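Structure record follows, encoded as structure tokens.
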Amino acid sequence: MDELRLRRVESILTEEIASLIVRGGLKDPRISKLISVSGVSVSKDGAYAKVRVSGFVEDSELASAVAALNHAAGFIQRHVAAHVKSRNTPKLTFLADTSQRDGFDITRKIRDALEE
């Protein structure tokens, strides 16, 4: 698959999965509406996709939400396949992404060090 098509598939997956979470299309109580899709990486052949999710929740809540999303991956994949005109839909794997929170922590530490 060429790079342009991979980026387009990643963008579509990000939008569809994020909208499914925000609209409450997943009935699992472990998945909070505060969880967001921070990025999607599709393999070169388009068969697999790693979906990174983050949110301003505790680490245990994020881990629980990732487990719930991995459990519902088949349902989410069917939802995406129904809304996207594509021959193949990638197999989804969800991963916790704490980079946003880590960035805020580093910024806070730098600001505190400069104030001292």
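The values are calculated or read from the model by the stated rules, or taken from the named source; none is laboratory data. These numbers come from a predicted model, not from an experiment. Quick reminder, even Gly has a Cβ in these numbers, built from the backbone with ideal geometry, and neighbours come from all protein chains shown.
Could you check segment 74-116 and list, in sequence order, the residues that are β-branched (Val, Ile, Thr), over 27 Å from residue 64 (Cβ atoms) and either touching a Gly at 6+ places or on another chain (Cβ under 9 Å) or modelled with pLDDT under 90 (or both)?
Matches in segment 74-116: 84 only.
Within segment 25-53, track down each residue that is touching a strand residue (DSSP E or B) at 6+ places or on another chain (Cβ under 8 Å) and basic (Lys, Arg).
Selection gives 50, 52.
From the list 57, 80, exactly one residue is among the hydrophobic types (A, V, I, L, M, F, W, C) and either in a helix (DSSP H, G or I) or in contact (Cβ under 8 Å) with a residue 60 or more places away in the chain (or both). Which is it?
Exactly one residue qualifies, and that residue is 80.
Which residues, counting only those in segment 17-46, are surrounded by fewer than 18 Cβ atoms within 10 Å (Cβ to Cβ) and within 18 Å of residue 90 (Cβ to Cβ)?
Within segment 17-46, 18, 19, 39, 41, 43, 44, 45, 46 meet the criteria.
Given the structure, is residue 38 part of a loop (DSSP other than H, G, I, E, B) and in contact (Cβ under 8 Å) with a residue 60 or more places away in the chain?
no
Suppose we keep only residues that are among the aliphatic types (A, V, I, L, M) and out of contact with any helix residue (DSSP H, G or I) (no Cβ under 9 Å at 6 or more places or on another chain) within segment 1-16. Which one would you say is surrounded by the most Cβ atoms within 10 Å (Cβ to Cβ)?
Per the criteria, the residue is 9.
Kindly indicate whether any position in segment 62-77 is out of contact with any Pro (no Cβ under 6 Å at 6 or more places or on another chain), part of a loop (DSSP other than H, G, I, E, B) and either among the β-branched types (Val, Ile, Thr) or crowded, with 18+ Cβ neighbours inside 10 Å (or both).
Within segment 62-77 (the criterion being out of contact with any Pro (no Cβ under 6 Å at 6 or more places or on another chain), part of a loop (DSSP other than H, G, I, E, B) and either among the β-branched types (Val, Ile, Thr) or crowded, with 18+ Cβ neighbours inside 10 Å (or both)), the answer is yes, since at least one residue qualifies.
Restricting to segment 34-63, give me the number of residues that are more than 20 Å from residue 12 (Cβ to Cβ) and under 14 Å from the mean Cα position of the chain (by Cα).
5
Mind checking which residues of segment 6-35 are closer than 15 Å to residue 75 by Cα and either among the aliphatic types (A, V, I, L, M) or in contact (Cβ under 8 Å) with a residue 24 or more places away in the chain (or both)?
Correct list: 13, 16, 17, 18, 20, 21, 25, 26, 28, 31.
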